[in-house]
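Working notes, structure below.
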Amino acid sequence: MSVPDNQVSIGEYSVTVDLSYFANQGFVLVAEEKGEVWGEKDPFDGRHEVDAQKVEQVFAQAQALIDQIILPPPPTLEENREAASLPRADFKLGLLDMGELDAVKAVMADPDTDPRVVILWEDAERFNRMHPDLLSFAQVMGYTEEQLDALFGILPTTNVNTADFDTLRALHGVDEVRAQAIIDGRPWADVNDLTTIQGISQEMVDSWDITV
């Protein structure tokens, strides 16, 4: 870690992290190699002992920033809903798989059904998850938000206390070590407690669609 420049390098990536804690102790360089950590001053007078826990925390922050560079954060649930769209055939096949197609046809044949909803059903070539008329359709049919999400293929919120290893790995920035640490740390009382795992930052937790 180049202390004066606040630069932390991990592999081929270098990010800016607040290193004032080390600068205040006179260090110009802090390094970690094979589990050993040390600091150097200018002029060089040998290697100095540094707080290993502080170094670990800084590297965890740096790794979280690098993860965001390597993998852009996934879209939020709201963004997925705004983008979700199905062609007519897929929409009807989804209703068939839900066991709802016959019920929809019956409601659409009812003369008391909102005519805008009927026109959408009869004439739309494509169905958009957040279109006002599609939401009216869902209200007429009594569908929940979760049912609509399932119809449009939007993944549900991940429960970190019950999700399997592969589901946790799918979370942005979660590698095999972090996924196993989440499993080993169960049960979690609050999603924010995940920040106690090395390499998981508050920014990462805030970006995930998770619950406990």
Once you sort the root eigenvalues of the Cα gyration tensor of segment 85-151 as a ≥ b ≥ c, which label holds: rounded (a/c under 1.5), prolate (a/b larger than b/c) or oblate (the other case)? rounded
GNM result for the chain, Cα springs below 10 Å: residue of Arg169, Arg81, Arg126 fluctuating most strongly: Arg126
How much net charge surrounds Leu96 when only other residues with a Cβ under 14 Å from its Cβ are counted (Lys, Arg +1; Asp, Glu -1)? -1
Taking N as its residue count, the alpha carbon Rg of segment 158-211 over 2.2 N^0.38 Å: 0.94
By count of other Cβ within 10 Å, fewest leading, how are Asp67, Asp112, Asp90 ordered? Asp112, Asp90, Asp67
Expected 222 nm ellipticity per residue - DSSP helices of 4 or more, -39500 (n - 2.57), all of the chain, to 500: -12500 deg cm²/dmol
Could you please state, rounded to a whole Å, how far the C-alpha centre of segment 82-156 is from the C-alpha centre of segment 2-47? 57
Rounded tilt (10° steps) of 88-98 against the dominant C-alpha axis of the chain: 90
For segment 106-119, 3J(HN,Hα) per residue [Karplus equation, 6.51 cos²θ - 1.76 cosθ + 1.60, θ = phi - 60°, Hz, x = Gly/Pro]: 5, 5, 5, 7, 6, x, 8, 5, 3, x, 5, 5, 5, 4
If you fit an axis through the alpha-carbon atoms of helix 52-70 and take the longest principal axis of the Cα set of the chain, what angle between them do you get, 0 to 90°, nearest 10? 40
Using only alpha-carbon positions, what ratio does the radius of gyration of the chain give when scaled by 2.2 N^0.38 Å? 1.52
Work out how much length Asp164 to Asp112 would gain on full extension: take 0.36 nm times their residue separation and subtract the Cα-Cα distance, in nm to one decimal. 14.1 nm
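The numbers here are math on the coordinates, done by the rules we state, and not lab data. The structure presented is a predicted model; accordingly, all values stated were derived computationally and were not measured. All Cβ positions, glycine included, derive from the backbone under ideal geometry; neighbour counts span all protein chains shown.
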